[in-house]
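Structure first, commentary second.
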Amino acid sequence: MEKTNIQQEINISESLMNRINELISHYPEGKQKSALLPILHEVQDAHDNWLSTDLQIKVAEILEIQPIEVFEVVTFYTMYNQRPIGKYMFEFCQTSPCCQNGVEDLMDYTCSKLGVKVGEPTADGQFEVRGVECLGACGYAPMMQLGDFYQEHLTKEKIDQLVTDCKDGKITLHDK
């Protein structure tokens, strides 16, 4: 996912800082970098589900590590967003079992239905389609992740229902 030049307000609230410190406390003294991935999740969740370069630098300052150490992680993992994304991110698994079961056609169908290309949010910011690496549910192919939840044995009809349910506010994205 490409970076953006959109400015993002950085708000490390007291409760977020407490959570960050709790995560750091799970690791030995001097090994605070080990908490980087869960901290990035918490910070991203608190900042509209994306991490600007300035916010990544702030995380590096908190952990007392070099910014490049944060950039390397954020650019490697697709779960970290470097720009604002659609509220409902349809993350389709694109590895062999899902491809053999038609996920590429379902991605094309979803993009056509939403009027977007892969990696492009809808004009209203509600939807986005993304291809990701293995989600570890090969027996349920083709599948995708929507928020914290897997959607399995996908068909065009299931995609239609998911889009409708999202528009109607019937989809829960997170289990928190």
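Report, in debye and to the nearest 20, how large the dipole of region 1-112 comes out about its Cα centre when Lys and Arg carry +1 and Asp and Glu carry -1 on their Cβ.
That gives region 1-112 a dipole magnitude of about 80 debye.
State the three equivalent ellipsoid semi-axes of region 1-97, derived from the C-alpha gyration tensor as the square roots of 5 times its eigenvalues, in descending order and whole Å.
23, 16, 13
At 1.4 Å probe radius, can you tell me the per residue accessible area of region 36-144 in Å²?
Value returned for region 36-144: 46 Å² of accessible area per residue.
Under a plain spin-label model, where a point goes 7 Å from the Cα along Cα-to-Cβ, how far apart in nm are MET79 and SER112?
Placing both labels 7 Å beyond Cα along the Cβ direction yields 3.3 nm.
If you take the square roots of the eigenvalues of the alpha-carbon gyration tensor of the chain and sort them as a ≥ b ≥ c, do you get rounded (a/c under 1.5), prolate (a/b over b/c) or oblate?
Note, shape of the chain comes out prolate.
Quick one: Kirkwood hydrodynamic radius for region 80-176, alpha-carbon pairs, angstrom, one decimal?
13.3
Let me know the shape class of region 48-101, please: from the alpha-carbon gyration tensor, a ≥ b ≥ c as square roots of the eigenvalues, rounded when a/c is under 1.5, otherwise prolate if a/b is greater than b/c, or oblate.
oblate
Do any of LYS33/LYS117; LYS113/LYS170; LYS58/LYS167; LYS33/LYS58; LYS87/LYS170 go past 25 Å between their Cα atoms, and which?
Pairs exceeding the cut-off: LYS33/LYS117; LYS58/LYS167.
Taking +1 at the Cβ of each Lys and Arg and -1 at the Cβ of each Asp and Glu, which of PHE90, CYS111, GLN56 sits farthest along the dipole of the chain towards its positive end, judged by Cα position relative to the Cα centre?
Of the listed residues, the answer is CYS111.
Tell me, in nm to one decimal, what length is gained between GLU72 and ASP105 on full extension, where the rule is 0.36 nm per residue of separation less the Cα-Cα distance?
That works out to 8.7 nm of additional length.
Return the unpartnered cysteines for the chain, using a Cβ-Cβ cut-off of under 4.7 Å.
CYS99, CYS111, CYS134, CYS138, CYS166
In whole percent, and with a 1.4 Å probe on the protein chains, what portion of the accessible area of the chain is carbon and sulfur?
In the chain, the share of accessible area belonging to carbon and sulfur is 46 percent.
The values are calculated or read from the model by the stated rules, or taken from the named source; none is laboratory data. On a predicted model such as this, the values are computed, not experimentally measured, just so you know. Virtual Cβ from ideal backbone geometry, glycine too; neighbours counted across all protein chains shown. Side chains are part of the model used for accessible areas, which takes the heavy atoms of the whole protein and leaves out ligands, DNA and RNA. Shrake-Rupley method; radii C 1.70, N 1.55, O 1.52, S 1.80 Å.
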